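J.: Pasting a structure here, questions to come.
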Amino acid sequence: MLSSAGISPHASIGENAQITEANRDDWREAARARAISEAEDAGLRGAERQKFILKRTKICYEELENLLGDA
């Protein structure tokens, strides 16, 4: 049973907000990891690599948010 594991079957609104923010942190990490992988695959280095990673992280995060935000 969930309550015996310290997990309430009825989460409060505040708890749901925390879960959502934790999910968003995970999405940001996944987006950055994907961007870094793409930069490595493209053989980018230096400032060009950093610029690419910033741009692709934003794009990847937005994709994840669109896919998972309403789940």
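A short reminder: the numbers here are calculations on the coordinates, not readings from a lab. Everything numeric here is computed off the predicted structure, so don't read it as measured data. When we count neighbours, we look across all protein chains shown, and the Cβ atoms used for this are built from the backbone with ideal geometry, even at glycine.
J.: If you project the alpha carbons of the stretch 12-68 onto the principal axes, what extent comes out on each, in Å, largest first?
T.: Here the Cα extents, ordered largest to smallest, are 47, 19, 13 Å.
J.: What is the dipole size for the stretch 12-68, taken about its Cα centre, with +1 at each Lys and Arg Cβ and -1 at each Asp and Glu Cβ, in debye to the nearest 20?
T.: Details: 10 positive and 12 negative charges, 78 e Å.
Rounded to the nearest 20 debye, it is 380 debye.
J.: If each of residue 63 and residue 36 carries a label point 7 Å out from its Cα toward its Cβ, how far apart are those two points in nm?
T.: 1.8
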